[in-house]
Structures are given as C-alpha cells and as structure tokens.
C-alpha cells in the first residue's frame, strides 16, 4: 500500500504563519496573497517546534540585509519589489558600474563629471523659474537661451541673450577698456576723451580736409593750433593770433621750379622776383 504524507493547511482566516507547529511538521497557508509553506524548527522536548519559519511557496519572498556572500545577478519576480535600503522603485536592480539608464531622474548628485553629453536649451518660463548656471567648466557644448531667461551666475551685463558667437552683431555696446589686434568700422567713429593716442608708423587719412579746434569760434580760441613734429626739439607750424599769421619754427625750403605766391601772383622764385615787384633805389 502506498504511503501518504499529509501537510497541514489553512484555507481561511488570517494569513501568515501558524501560531504553533510540531517539530519537523509542515503547514501551508492557502489564503490569497499569503500562499506560503511553513516548517516547524527545533524541539522543546515535548514535540512542539521552538520556532516556525517560512521556507517556500508562490508568495514567499526572501529579505536580504547583506550581499556579502551573494554572487550572480539579482532579479525580481512575481510581486517582490524590495531589497533593504532601496532608493527607488521598479523591477530591475542596477548593479553594473556602467549601466544604461533611460530617462533617469538623477536628483542632486554630490559629485561627478559629465562627458559626451548633449545639453538642452536653458529655458525660463514667463512666470519665473530662471535657470542658473554657476560654472561652465565642464560644459563643452553651446549654451543658448530662449524666452525671458535673464540669469547666469557671474554675468557681466544684462539682457535676454547670451553672446557666444565669434562674430556677433552688438547694438550700442559699452565695451569698456577694449584690447584687440584690429578694428574695422563701417560707420562713424566718435571719441569723447581728453587724449587720443595713435601708435602707428603711418597714418593714412582718406578725407581731403582736416579740421582742428572745431569747437573754436574766435581766432583767440584757435591761437597756438597747428602741427607739432617731435624731434630733438619741437618743430611746429602754428597759428599765432598776435601776428595774425601762420608761423613756422623752421626754415621753409621750396622745391626746384616752385615759387612764392601772394594773392595768386608770383612774388619770388629761386632766380628772380615777380614782375610786379619794383625795386627803387631812390634819389640823392
């Protein structure tokens, strides 16, 4: 005759382990959500187990508090959803050192280096929420801004656009004390200052007329105006109001075949006086 092994079972009532169980005795809870097989562990010398432990079943889950002796992958099956000290939810536990995460929420990392990343446009809604970038030491891409974003930490100006182009078009900028290798202007240049210094070998001026002392309205206001050539001493060509004349500090040397004119008439050349010049020795 075949032997029959029977296991205690609970088909109603509460879920969970039986209150008492005989030593080495098995009991199965058939309640929905608590289908677990229990074993009577130990003996109190009277045939009653000293403890009841869960050993299997469809709803049996193992709680692991340390992974010191665990090897291989950990997977979640059925409705098991927890590992002690978990930091998120889901059914896949990440253990790789270089996992591929799809749309993860990184929270606030304490440290790290972002490489080979594509940075999106920094936007600010019309109700606020300005995006703040405190450093771009690790940002190798292009930073653009749209909407009414107005804040980047340590900014040097105000406005709604951040200049990152190498050849931007700036309208009425205040460039402060600028330095550079070359400057080409297609419009007017106005210099408001006390001294304008040009350190170049040759100054080429396309205008046919140079106006000096443009703010003067009297000859006295123009007194001393002119040109000064630096050398061992100053060589000047200046307007002197006291004599009402242009005055040179140096000799005047006219090229060959050239003459002095007064009111359109030759008065002196290298070899003769003008025809209108009369020399009268007088009488005695």
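Once you reduce segment 219-253 and segment 265-284 to the center of their Cα atoms, the two points are 28 Å from each other. Note on residue 113 and residue 205: the model spin-label points, each 7 Å out from Cα along the C-beta direction, lie 5.9 nm apart.
Note: relative contact order over segment 222-278, using C-alpha pairs below 8 Å and six or more positions apart, is 18 percent. Maximal additional length on extending the residue 222-residue 106 stretch stands at 34.4 nm, based on 0.36 nm per residue less the C-alpha distance. Taking the fewest neighbouring Cβ atoms within 10 Å as the starting point, the ordered list for 235, 251 is 251, 235.
Placing pseudo-labels 7 Å out from each Cα toward the beta carbon at residue 164 and residue 8 gives an inter-label distance of 7.2 nm.
Here the simple spin-label model places points 7 Å from the Cα toward Cβ, and for residue 50 and residue 186 these points are separated by 9.6 nm.
Here r is the Cβ-Cβ distance between residue 32 and residue 98 and R0 is 41 Å; the resulting FRET efficiency, rounded to 0.05, is 0.45.
A Förster distance of 45 Å, applied to the separation of the beta-carbon atoms of residue 280 and residue 172, puts the FRET efficiency at 0.05.
Legend: calculated FRET efficiency, residue 268 to residue 229, from the Cβ-Cβ distance at R0 = 35 Å, rounded to 0.05, equals 0.85.
Where a number appears in this text, it was derived from the coordinates with a stated rule and is not lab data. Everything numeric here is computed off the predicted structure, so don't read it as measured data. Please note: Cβ atoms are built from the backbone with ideal geometry, for glycine as well, and neighbour counts cover all protein chains shown.
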